[in-house]
Every structure is written in structure tokens, then in C-alpha cells.
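Heads up: the structure comes next, in C-alpha cells.
The values are calculated or read from the model by the stated rules, or taken from the named source; none is laboratory data. Values in this document were obtained by computation on a predicted structure and should not be read as measured data. A quick note on method: Cβ atoms are made from the backbone with ideal geometry, for glycine too, and the neighbour counts reach across all protein chains shown.
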Amino acid sequence: MRRKLCLECNMNNNKRVVITGMGIWSCLGTNLETVKESLYNGKSGIVFDQARKDLGFRSALTASVEKPDLKKLIPRNQRQFMPEEAQYAYMSTLQALEQAGIDMAYLDANEVGVLFGNDSVAQATYQAVSKIYEYKDTAACGSGSIFQSMNSTVTMNLATLFHLRGINLTTSGACASGSHALGLAWLLIKDGLQDCIIAGGAQEVNPESVGSFDGIQAFSTREAEPTKASRPFDRDRDGLVPGGGAATLVIESLDHALARGAKPIAEIIGWGFSGNGDHISTPNVAGPQRSLELAIKAANVDIREIGYVNAHATSTHAGDGREAMAIANVFGDYKVPVTSTKGQTGHEMWMAGASEAIYSILMMKNNFIAGSLNFENPDEETACINVIAKTQEAHFDMFLSNSFGFGGTNSTLIVKDYKG
């Protein structure tokens, strides 16, 4: 009855939606402070992985992400259900809950949801199927394999480990998955359907997860200079570099946050989304442009209030060029500062929309814009926007973050600093 009455009284409200906790596990570091320093100093997390070369990869480049040790944190009978990306997500969620001031007693007493972006569990699936072929016996998979190999593995593990009883849903929207998770959290909370949601994105970092990308020649082959390989918007970009990890944000209504004594960090004020309705892998300009326009409309802000754009730009020729044109079309003669943090992290794929929101918030709260690493010269398409090449001291109160994906899925978030 309590749940029913809560929904009835909250329907059709237009609540303010704030972020009260953040956690990160990436190639730039495994805590917020280290990641902030890495962003400011232009550190790259990209390395050459000989194991990929030995497997026949065209490109052996990848982000290097520390593997967590969960033995002292989670019992073995529960760890068996967790593939690589769920382990990353657990670690980032611990951090986010701590910053938000939420403990297990609170989670047990309140209805908290979970929305996470994830669009593959390649390694766990490969390992399970390989055992069937090897032993000619499906029991060889082990009892944990089904839970490891489902796309919803991150949300099912987090919901179980943290006793979450609100919405429990995985967003699978290619490289916009993490951003869509944040956008859906914003929408559900704004409309009064949930008070608090743990949202984010996770991406496995292993050869199995990206072999097919390598097979279509999507990756940079600048192997002699790994830290210079990911070059968003640069004239000499030759493909993306795969990355991953996990990022978690605690998102709740402002009323709910203040009532429990939380300190809001930032406020989500707009979400735009669109589909290209076009080629399955080659982006266009119209779809991304519509996503930006809808986010700005939802936020009800003037474009000149937006002080920074964190671009999706993955270091591919078509993607970067068309995003640049979409940004230019929307912002016109206002040359908003633009960077892509993927120059440092590579493309964190299903995680990227969530991690890049955190990267941007860290910049906003600490008065700098991290330079777009390896941007040296624009080309004819990318010259139309104001790409910041080196870290700049800068104050801004609002940013826009883009995430686009295969199949033409687009998501754009607008976030502003919370000042009461």
C-alpha cells in the first residue's frame, strides 16, 4: 500500500534531480581524486597489450584498467555470479554510496533503484560456451555462468549485493548505454516514480569483448605510440582505442536528498535522445543534432549558459566530423569550449556516458577543462568547433555531454553545478 500511495501522490510532479554521490573505476584511476589529477595533467591510460597481438589482433591497443580484488569484500558464493564489468561496477558503487552518505541500513529501509548501461558480456559467454564444447557437457559451464553471461548481469548483481528494491533495469544502447541510464534515472525521478536511483555504466576490458571491432578495422593502429593513438577531432585520427571500467552516480530528487541530510553535487536539468534512422554503423549529422536540441529544450536554457561540451568523439573520421558539424549547427556563432576525454581514456563504450558525466563534473567543481589529448590539427569538418587542446583553468556552471552509438542511438545530458 505504501508503494501505491507514494506513486499516486508523486505522479505528474516536476521534481529537481540531483547527483549526491559519484564513484569511478577507470584507466585514469580508481578513485575520484586520482581521476581528477589525471584529467588535469593530461595522463593517458592507453597501453600496448601483447596478448592481443598474439591472438591476431590488428591493433593491440587498449586502456589499462586495474582488476579489483573482491575476496575480502564479497563471499565466494556471490563472486561466482560476477563477470569483470560487474566487479568494476561494484567498486564504483561502493564509492558513490559512501560519498552520498548511504549505508546498508538506509538501503534496507528505503526503496532504491538501479539503472546501469551494459551491452555485452563477451568474455563470460565465451568461457561458458568453450567449456561446453570442450567437455561435451553443459554442466561444465558452472552454476554462475548464466548470471555472468546475461547483459543484465551488472544490475542483477548490484541489486542483490546492495538489497535494492526499486527499478532494476539494464540499458543496452550501444555506446550511449551509460548516458541513457542517467537520462532514464532523471526522467523517473523528475516524474516522481522513484526517489533515489543508483545509475551508471560498465564495460569489460578484455580481448573477447572487442575482437569483432578489431575485425572491422575500427581501431587505431598507432601501436608505436600508444598514448598518442586516441586523437578525437584531430586530422590524423585513424580509429578508436577500446577502454572500460565502471562509473556510478547516486541520483535522487532534491527533496529526498535534503530530507536525509545529503549534500547535492550537481543537478541534471535536461536529457535529449534520438535515433538516426539511417546506416547501422555510419553516423549522420541530423540525429545527433536533434539529440542536442531536445536536451537544450528539456533543460530550458540559453546555449550561452552552457560553458563546456564533453563530446562523444571517439577518434574516428566519420563520427568525429559529423558530431562537430552537429555541435556547430546547434551552437552557431557561440564557440563553446569542446573536448573529448577519450583522448586520455580511449572509448569506454557502454560505460562512457556515465564516466564522462563524472569527468565533466570533476572539471566543473575544480574550475578547469581537461584538454582534448592529442588534438593538434583540425580537418575540414572539425575546424568548425572550438576544440581545447591543452588543459585550461576555466570556470563553468553548466555542461552538455554527448553519447552516440551503433544503430544510430543518441543521448545528450545537460548538468549544472548545484549551489542551493
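Things to note:
- When Glu98, Glu111, Glu85 are checked against the criterion of being among the charged types (D, E, K, R), under 22 Å from the mean Cα position of the chain (by Cα), over 28 Å from Ser145 (Cβ atoms) and in the same structural domain as Cys27 (by TED's automatic domain parsing), a single residue qualifies: Glu98.
- The range 117-157 - residue that is in contact with a strand residue (DSSP E or B) (Cβ under 7 Å, 6 or more places away or on another chain) and of a type in the set (Ser, Thr, Tyr) and, of those, surrounded by the fewest Cβ atoms within 10 Å (Cβ to Cβ): Ser152
- Matching residues in the range 348-379 - criterion: being within 12 Å of the chain's Cα centre (by Cα) and either more than 22 Å from Asn31 (Cβ to Cβ) or among the hydrophobic types (A, V, I, L, M, F, W, C) (or both): Met349, Trp350, Met351, Ala352, Ala354, Ala357, Ile358
- When restricted to residues that are surrounded by fewer than 24 Cβ atoms within 10 Å (Cβ to Cβ) and assigned to a loop (DSSP other than H, G, I, E, B), the range 330-373 contains 7.
So that you can scan it fast, the table gives a plain yes or no per residue for (1) among the hydroxyl-bearing types (Ser, Thr, Tyr); (2) in a loop (DSSP other than H, G, I, E, B); (3) farther than 30 Å from Ala257 by Cβ:
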| position | (1), (2), (3) |
| --- | --- |
| Val65 | no, yes, yes |
| Leu73 | no, yes, no |
| Phe81 | no, yes, yes |
| Met91 | no, no, no |
| Glu98 | no, no, no |
| Leu115 | no, no, no |
| Thr125 | yes, no, yes |
| Ala128 | no, no, yes |
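- Residue that is surrounded by the most Cβ atoms within 10 Å (Cβ to Cβ), among those in the range 8-33 that are at pLDDT 95 or above and part of a helix (DSSP H, G or I): Leu32
- Any chance Thr160 is at negative phi, at pLDDT 95 or above, of a type outside the set (Lys, Arg) and crowded, with 16+ Cβ neighbours inside 10 Å: no
- The residues of the range 386-420 that are of a type in the set (Lys, Arg) and either in contact with a Lys or Arg (Cβ under 8 Å, 6 or more places away or on another chain) or assigned by TED's automatic domain parsing to the domain that holds Ser360 (or both) amount to a single one, Lys390.
- Selected residue (criterion: nearest to the chain's Cα centre (by Cα)) from residues of the range 195-232 that are closer than 29 Å to Leu184 by Cα and hydrophobic (A, V, I, L, M, F, W, C): Ala202
- Test: residue in the range 173-195 that is in the same structural domain as Arg52 (by TED's automatic domain parsing), touching a Gly at 6+ places or on another chain (Cβ under 9 Å), more than 17 Å from Ala246 (Cβ to Cβ) and polar (S, T, N, Q): yes
- Among (1) in the same structural domain as Glu66 (by TED's automatic domain parsing); (2) surrounded by fewer than 24 Cβ atoms within 10 Å (Cβ to Cβ); (3) assigned to a loop (DSSP other than H, G, I, E, B) - the single one Asp278 does not satisfy: (1)
- Search result, residues across the range 376-420 that are assigned to a strand (DSSP E or B) and of a type in the set (Asp, Glu): Glu393, Asp417
- Residues in the range 220-270 that are among the acidic types (Asp, Glu) and closer than 19 Å to Ser64 by Cα were compared, and the one that is surrounded by the most Cβ atoms within 10 Å (Cβ to Cβ) is Glu223.
- Residue among Ala124, Ala202 that alone is under 30 Å from Gly101 (Cα atoms) and small (Gly, Ala, Ser): Ala202
- From Thr412, Thr382, residue being of a type in the set (Val, Ile, Thr), surrounded by 24 or more Cβ atoms within 10 Å (Cβ to Cβ) and within 14 Å of the chain's Cα centre (by Cα): Thr412
- Here is the figure for the range 196-214: residues that are acidic (Asp, Glu) and either part of a loop (DSSP other than H, G, I, E, B) or not assigned by TED's automatic domain parsing to the domain that holds Arg52 (or both) total 1.
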